[in-house]
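Okay, structure first, notes after.
The values are calculated or read from the model by the stated rules, or taken from the named source; none is laboratory data. Please read these numbers as outputs of a predicted model, since none were measured by experiment. Ideal geometry is used to build each Cβ from the backbone, glycine not excepted, and the neighbour counts take in all protein chains shown.
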Amino acid sequence: MGGVTSSVAAKMAFFPPTPPSYALVEDAGAGVTTLSGQPHRENVELLRLRTRKGNTLAAMYVRHPDAASTVLYSHGNAADLGHLYQLFLHLSFNLRVNILGYDYSGYGQSSGKPSEHNTYADIEAAYKCLIENFGAKEEEIILYGQSVGSGPTVDLASRLPQLRAVVLHSPILSGLRVMYPVKRTYWFDIYKNIDKIPQVTCPVLIIHGTADEVVDWSHGKQLWELCKEKYEPLWLRGGKHCDLELFPEYIQHLKKFFHTVEKSPSHRQAWRESGDRIEPSQKNTDFFEPSRKSTDQREKSRSTRDRTRNTEHRYSNVEKVDKLKISFDQFEKSRRSVDIFERPKRNIEQLDCGRKSVDRLDRIWAS
């Protein structure tokens, strides 16, 4: 019964881009593999990884010469490495990190079929690659999970006590909770982040848009409340599900977070103790209003908060998009369908886009 339910859930939850947005091009003479449509770069390496489930994954490693951390990036739904190529270059350059991105089983040029448990095996293979192939250490690795990618990210983080940090970008409490406001965890639910996040012992940064139409902002807020080692969250006023990277605050806050977690152990301990003395804010958080702060952060004055309110729409101008070196049209096309679920609505209706099927639970029951 469990296998049947898992199979049904996979059909409802995963939407690999069809056809894939890229191909792997091998140049036997030069001994290099590139992404179709992209030039060869000395700091970019295309890989094939083998999982414990027997699937072969496509992966991409971007190296930064001055990196102090390595990011393991688990992307959202309906996206693959071809869509994320420019974003990875941008993050590596601006954050001064190495970054490894990979496609889940059944996505892009990865073999197999997508499923919850296959994604767990996928991220394990990517993590093993970082340790064995690139000499990364657990305490130097930052796991980054976007949307559905928060599932394998939280699962792995809950089992690695020495991780440097975790970033959860538009995360989900669980698959079922995206569709229905259930109060308990059911056995047939997938990606039970709500139950696993308390087991994550490293600093956790949560980023969420307040106008997310796919995964409600309440998911990010509740996960933040459950974190054992909270970091100042980033609530982006007006941010939706697929555009958070276009906000200037996005990269600024990531830089601040990475700088904090890369400090020496003594500095990090001081930050933890400082954070423990600050109680979560009980005020309305309809705009970016941090509740707990790292030691490099000071109490924001009322005028600073006012300036935050006044900048809520500045991120929309084209100059900010140019800074990302990714056109808005290209980015929207590549990241438009990056989630697995659609929010429940009063009258559960069938949406015209296949990836936003919202009546999955009823279908599971009907099966």
Return the pair list, or none, for Cβ contacts closer than 6 Å from residues in the range 74-91 that are over 22 Å from Ser111 (Cβ atoms) to residues that are modelled with pLDDT under 95 and part of a helix (DSSP H, G or I), at least 6 apart or on different chains.
His90/Leu324
What are the pairs, 6+ residues apart or on separate chains, where a residue within the range 209-231 that is among the polar types (S, T, N, Q) has its Cβ under 7 Å from a residue that is part of a loop (DSSP other than H, G, I, E, B)?
Thr210/Arg237; Thr210/Gly238; Thr210/Gly239; Thr210/Asp286; Gln222/Leu173
Can you confirm whether the range 206-221 contains a residue that is among the acidic types (Asp, Glu), within 22 Å of Gln162 (Cα to Cα) and surrounded by fewer than 22 Cβ atoms within 10 Å (Cβ to Cβ)?
no
Looking at the range 241-251, is at least one residue over 15 Å from the mean Cα position of the chain (by Cα) and crowded, with 24+ Cβ neighbours inside 10 Å?
yes
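Yes/no per residue for (1) modelled with pLDDT of 95 or more; (2) polar (S, T, N, Q); (3) over 13 Å from the mean Cα position of the chain (by Cα):
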{"position": "Tyr73", "(1), (2), (3)": "yes, no, no"}
{"position": "Gly108", "(1), (2), (3)": "yes, no, yes"}
{"position": "Asp122", "(1), (2), (3)": "yes, no, yes"}
{"position": "Glu132", "(1), (2), (3)": "yes, no, yes"}
{"position": "Gly135", "(1), (2), (3)": "yes, no, yes"}
{"position": "Gln146", "(1), (2), (3)": "yes, yes, no"}
If Gly112 satisfies every condition in (1) over 30 Å from Leu234 (Cβ atoms); (2) within 15 Å of the chain's Cα centre (by Cα) but one, which is the exception?
(2)
Looking at (1) without any contact (Cβ under 8 Å) to a residue 40 or more places away in the chain; (2) surrounded by fewer than 16 Cβ atoms within 10 Å (Cβ to Cβ); (3) among the small types (Gly, Ala, Ser), which is the only condition Gly238 fails?
(1)
Sole miss for Glu138 among (1) in contact (Cβ under 8 Å) with a residue 40 or more places away in the chain; (2) farther than 19 Å from Asn193 by Cβ is condition (1)
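Output the residue which, of all residues in the range 196-205 that are in a helix (DSSP H, G or I) and of a type outside the set (S, T, N, Q), is surrounded by the most Cβ atoms within 10 Å (Cβ to Cβ). Spell out how you get there, then give the answer.
Let us first name the residues in the range 196-205 that are in a helix (DSSP H, G or I), namely 196-199.
Still in the list and also of a type outside the set (S, T, N, Q): 196-198.
Working: Lys196: 19, Ile197: 25, Pro198: 12.
Among those that are in a helix (DSSP H, G or I) and of a type outside the set (S, T, N, Q), it is Ile197.
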Out of (1) of a type outside the set (A, V, I, L, M); (2) touching a helix residue (DSSP H, G or I) at 6+ places or on another chain (Cβ under 7 Å); (3) part of a helix (DSSP H, G or I), the one Pro114 does not meet is (3)
For Lys192, the lone unmet condition from (1) more than 29 Å from Leu46 (Cα to Cα); (2) surrounded by 20 or more Cβ atoms within 10 Å (Cβ to Cβ); (3) touching a residue at least 40 places away in the same chain (Cβ under 8 Å) is (3)
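Which residue out of Ser92, Ser147, Ser110, Ser170 is of a type in the set (S, T, N, Q), crowded, with 24+ Cβ neighbours inside 10 Å and over 26 Å from Lys221 (Cα atoms)? Don't jump to the end; show me each part of the working.
On the way: Ser92 fails: crowded, with 24+ Cβ neighbours inside 10 Å; Ser147 fails: over 26 Å from Lys221 (Cα atoms); Ser170 fails: over 26 Å from Lys221 (Cα atoms).
The unique qualifying residue is Ser110.
Is it fair to say Gly106 is within 22 Å of Tyr22 (Cα to Cα) and in contact with a Pro (Cβ under 6 Å, 6 or more places away or on another chain)? Talk me through it step by step, then tell me what you get.
Working: within 22 Å of Tyr22 (Cα to Cα): yes; in contact with a Pro (Cβ under 6 Å, 6 or more places away or on another chain): yes.
Yes, satisfied.
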On the given criteria, is Arg41 charged (D, E, K, R), part of a loop (DSSP other than H, G, I, E, B) and within 24 Å of Leu160 (Cα to Cα)?
no
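When you scan the range 38-49, do you find a residue that is in contact with a Cys (Cβ under 9 Å, 6 or more places away or on another chain), modelled with pLDDT of 95 or more and farther than 22 Å from His241 by Cβ, even just one? Steps first, please.
Residues of the range 38-49 that are in contact with a Cys (Cβ under 9 Å, 6 or more places away or on another chain), as a first pass: 47, 49.
Now restrict to residues that are modelled with pLDDT of 95 or more: 47, 49.
Still in the list and also farther than 22 Å from His241 by Cβ: 47, 49.
There is at least one residue in the range 38-49 that is in contact with a Cys (Cβ under 9 Å, 6 or more places away or on another chain), modelled with pLDDT of 95 or more and farther than 22 Å from His241 by Cβ.
Val166 - would you say it is within 18 Å of the chain's Cα centre (by Cα), β-branched (Val, Ile, Thr) and part of a strand (DSSP E or B)?
Considered against the rule, which asks whether it is within 18 Å of the chain's Cα centre (by Cα), β-branched (Val, Ile, Thr) and part of a strand (DSSP E or B), Val166 comes out as yes.
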